[in-house]
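Visitor: Pasting a structure here, questions to come.
The values are calculated or read from the model by the stated rules, or taken from the named source; none is laboratory data. All values derive from a computational prediction rather than experimental measurement. Cβ coordinates were reconstructed from backbone atoms using ideal geometry, including for glycine residues, and neighbour counts include every protein chain displayed.
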Amino acid sequence: MIIGIDLGTTNSLVAVWEGEHARILPNALGNLLTPSVVGLDDQGQLVAGDIARERLNTHPHLTTSLFKRYMGSARETLLGGRAYRAEELSAMLLRSLKADAERALGLAVHAAVISVPAYFSDAQRKATRIAGELAGLKIEKLINEPTAAALAYGLQQRSEATFLVFDLGGGTFDVSILELFEGIMEVRASAGDNFLGGEDFDDRLVEHFIAKVGSADLPDTAQPAMAQRLRREAQRVRHALGQAQDARFTLREQGREWSLELTQSELAEIVRPLLDRLRAPIERALRDARIKVADLDEILLVGGTTRMPLVRKLVAALFGRIPGMLLNPDEVVAQGAAIQAALHARHASLEEVVLTDVCPYTLGIETSVQLGADYQNGHYLPIIERNTVVPVSRSRTVSTLRDNQKVVTLGIYQGESRLVKNNIFLGELEIPVPPRKAGEVTLDVRFTYDNNGLLEAQVHLPINGDTRRLVIENNPGVLAPNEIAQRLAALEALKVHPRDQQINTLLLARMERLYQESLGDGRQYIAGLANHFQQMLDTQDERQIREVRVDITQRLTRFEQEV
């Protein structure tokens, strides 16, 4: 038996394919939604879901939530005297969901399809797989959440359509554009923000409440139990303002009461910065898919936070139409995961459905570029660009840089920045090369990326037939606090250079944004302008810098108008 699991930031669900439809399975309490909260009871036993959520207030030292946001990082949470990584906490929740499924089905469950945010990195995806394995599940596939939702919708639709999935959950925001054509569900593009969701809206409400009633007069809001009480009250108020024009935010402690009246219009102002952040991923996905808003047949809302009237109004304004909610936004991802599980099990009723997906991030290598008479390291050469349909294999050819070079070190990265220092390091290959004149030894670098997010890097030397290979499986590291302090100190010790002047910094930032938003030839054009400008900055000649800055600014304006 293969089940489908929506492993959410705020709530999680488990579903199974039965006959002709996906069924959400209830947990031990009879609820379909299981809060993504885990902890230990007073005897050190695992508690999860509603029980654990209740203990967040009373036993904050034994209970935790929102750990999905830290998947793939080295962050640890202390529970009962022991430190747990996010994948271990997720495994606790998955183990509870597995037990609920077995109880509901009366069968043993050994495998699952788990949904993840489309914008999850390779490290976060691997951490999710590890969590499943720790929970005693064989992970047959990770499916992107918007793709799962679209799959569930496609089974209802069963006709040709192009649609955008707007997935705003408790902790993450994803947008995907998909096409359904002759039984094929094809993902055209995905974008998102892994730190934008309903929990952030609650944080804004808490901050507003503290600011208005006066933090000096309140109990210690940093204390875990108090922080959790404020968060729960904020969530209640946010939900209430979805139904009524006003609601009261109230905190009671030791016989005292603090309260604040809030209206829907005030809520809109409080969360406006978050609503504004929803726009950029939508624009990027449309641009990458080369699709105009008018070409979309449907706008689908997914995730509990899309129930907010403010969010629905924003979506309606952005797309000029009322978004669709044919399926329950809380349940549709789990239903899609169950459908994918049935597809994997080759269920007869789903034989005609074919699903394709995309690589959410650009994958590439570090290279050097010539700036004047010198070469500068640390530049990014994309090999597989984001939103390429997977499985995919792409290659680029590079060459040696110095005379009699004996070794080439190939750094492998993931991300959208022009410079590798701003991307995520995945691994490296050291390739011995025969000593020749610079440029005489070429290397064919091939990246292969599969449906499960596994990257293989292969380097072939035509000059002698040698081939080296690396399968990327390690998690990218994170900076320890002492490393962060060292880097900050190093930056502060630098003397002010012309590139640090605000007007120059603004132009560099603009080019960085355009580089990340562009693909292919557009990226090469922006990179060329950025490299030229950096070369001018290094001259420290203010007149030349000013002339080049004006010229590049005009070029960028024309570039943006033509896109």
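Visitor: When residue 220 is evaluated against the numbered criteria (1) surrounded by 14 or more Cβ atoms within 10 Å (Cβ to Cβ); (2) in contact with a helix residue (DSSP H, G or I) (Cβ under 7 Å, 6 or more places away or on another chain), which criterion, by number, is the only one it fails?
Guide: Evaluating residue 220 over (1) surrounded by 14 or more Cβ atoms within 10 Å (Cβ to Cβ); (2) in contact with a helix residue (DSSP H, G or I) (Cβ under 7 Å, 6 or more places away or on another chain) leaves (1) as the failure.
Visitor: Can you name every residue in the stretch 94-121 that is within 27 Å of the chain's Cα centre (by Cα), surrounded by fewer than 24 Cβ atoms within 10 Å (Cβ to Cβ) and either within 15 Å of residue 25 (Cα to Cα) or at pLDDT 95 or above (or both)?
Guide: Once the filter is applied, which keeps residues that are within 27 Å of the chain's Cα centre (by Cα), surrounded by fewer than 24 Cβ atoms within 10 Å (Cβ to Cβ) and either within 15 Å of residue 25 (Cα to Cα) or at pLDDT 95 or above (or both), the stretch 94-121 yields 95, 96, 98, 111.
Visitor: Moving to a separate point now. Condition (residue is part of a helix (DSSP H, G or I), surrounded by 14 or more Cβ atoms within 10 Å (Cβ to Cβ) and at negative phi) applied to the stretch 243-257: is it met by at least one residue?
Guide: No; the residues of the stretch 243-257 include none that is part of a helix (DSSP H, G or I), surrounded by 14 or more Cβ atoms within 10 Å (Cβ to Cβ) and at negative phi.
Visitor: Checking residue 331 against (1) touching a helix residue (DSSP H, G or I) at 6+ places or on another chain (Cβ under 7 Å); (2) surrounded by 13 or more Cβ atoms within 10 Å (Cβ to Cβ); (3) within 21 Å of residue 165 (Cα to Cα), which single condition isn't satisfied?
Guide: Only one criterion in (1) touching a helix residue (DSSP H, G or I) at 6+ places or on another chain (Cβ under 7 Å); (2) surrounded by 13 or more Cβ atoms within 10 Å (Cβ to Cβ); (3) within 21 Å of residue 165 (Cα to Cα) is unmet by residue 331, namely (1).
Visitor: I want to confirm something. Restricting to the stretch 25-68 and keeping residues that are assigned to a loop (DSSP other than H, G, I, E, B) and of a type in the set (A, V, I, L, M, F, W, C), which single residue is nearest to residue 170 (Cα to Cα)?
Guide: Among those residues, the one meeting the criterion is 66.
Visitor: Identify, by number, the condition in (1) in contact with a helix residue (DSSP H, G or I) (Cβ under 7 Å, 6 or more places away or on another chain); (2) closer than 20 Å to residue 322 by Cα; (3) touching a residue at least 60 places away in the same chain (Cβ under 8 Å) that residue 281 doesn't meet.
Guide: Failing condition for residue 281: (1).
Visitor: Before we move on, is residue 13 farther than 22 Å from residue 88 by Cα, assigned by TED's automatic domain parsing to the domain that holds residue 142, surrounded by 20 or more Cβ atoms within 10 Å (Cβ to Cβ) and hydrophobic (A, V, I, L, M, F, W, C)?
Guide: When the stated conditions are applied, residue 13 does not pass them.
Visitor: With the condition being farther than 18 Å from residue 13 by Cα, I'd like the strands (runs of 3 or more DSSP E) fully within the stretch 69-136 carrying at least 1 qualifying residues.
Guide: Strands (runs of 3 or more DSSP E) meeting the threshold: 76-79, 82-85.
Visitor: Where residues in the stretch 136-159 are farther than 17 Å from residue 94 by Cβ and surrounded by fewer than 24 Cβ atoms within 10 Å (Cβ to Cβ), which of them is modelled with the highest pLDDT?
Guide: Looking at the filtered set, the residue picked out is 154.
Visitor: While we're on this one: Take the conditions of a type outside the set (Ser, Thr, Tyr) and without any contact (Cβ under 8 Å) to a residue 24 or more places away in the chain and apply them to residue 179. Does it pass?
Guide: The answer is yes for residue 179.
Visitor: Scan the stretch 283-301 and give yes if some residue there is over 25 Å from residue 154 (Cα atoms) and either touching a Leu at 6+ places or on another chain (Cβ under 9 Å) or not polar (S, T, N, Q) (or both), otherwise no.
Guide: No, the stretch 283-301 has no match at all.
Visitor: Out of the residues in the stretch 527-562 that are loosely packed, with under 13 Cβ neighbours inside 10 Å and touching a Pro at 6+ places or on another chain (Cβ under 8 Å), which is farthest from residue 379 (Cα to Cα)?
Guide: 542
Yes or no, residue by residue, for (1) outside any strand (DSSP E or B); (2) within 30 Å of residue 147 (Cβ to Cβ); (3) not acidic (Asp, Glu):
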| site | (1), (2), (3) |
| --- | --- |
| 378 | no, no, yes |
| 401 | yes, no, yes |
| 427 | no, yes, yes |
| 438 | yes, no, yes |
| 456 | no, yes, no |
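Visitor: Kindly indicate which of 108, 74, 127, 150 is in contact with a Leu (Cβ under 8 Å, 6 or more places away or on another chain), among the small types (Gly, Ala, Ser) and touching a residue at least 12 places away in the same chain (Cβ under 8 Å). Please lay out each step first, then the result.
Guide: On the way: 108 fails: in contact with a Leu (Cβ under 8 Å, 6 or more places away or on another chain); 74 fails: in contact with a Leu (Cβ under 8 Å, 6 or more places away or on another chain); 127 fails: in contact with a Leu (Cβ under 8 Å, 6 or more places away or on another chain).
That would be 150, the only listed residue that is in contact with a Leu (Cβ under 8 Å, 6 or more places away or on another chain), among the small types (Gly, Ala, Ser) and touching a residue at least 12 places away in the same chain (Cβ under 8 Å).
Visitor: Out of the stretch 503-558, which residues are modelled with pLDDT under 90, over 19 Å from residue 420 (Cβ atoms) and in contact with a Leu (Cβ under 9 Å, 6 or more places away or on another chain)?
Guide: Across the stretch 503-558, the qualifying residues are 504, 507, 510, 537, 538.
Conditions tested, residue by residue: (1) outside any helix (DSSP H, G or I); (2) more than 27 Å from residue 339 (Cα to Cα); (3) of a type in the set (Gly, Ala, Ser).
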position	(1), (2), (3)
159	yes, no, yes
189	yes, no, yes
192	yes, no, yes
195	yes, yes, no
201	no, yes, no
207	no, yes, no
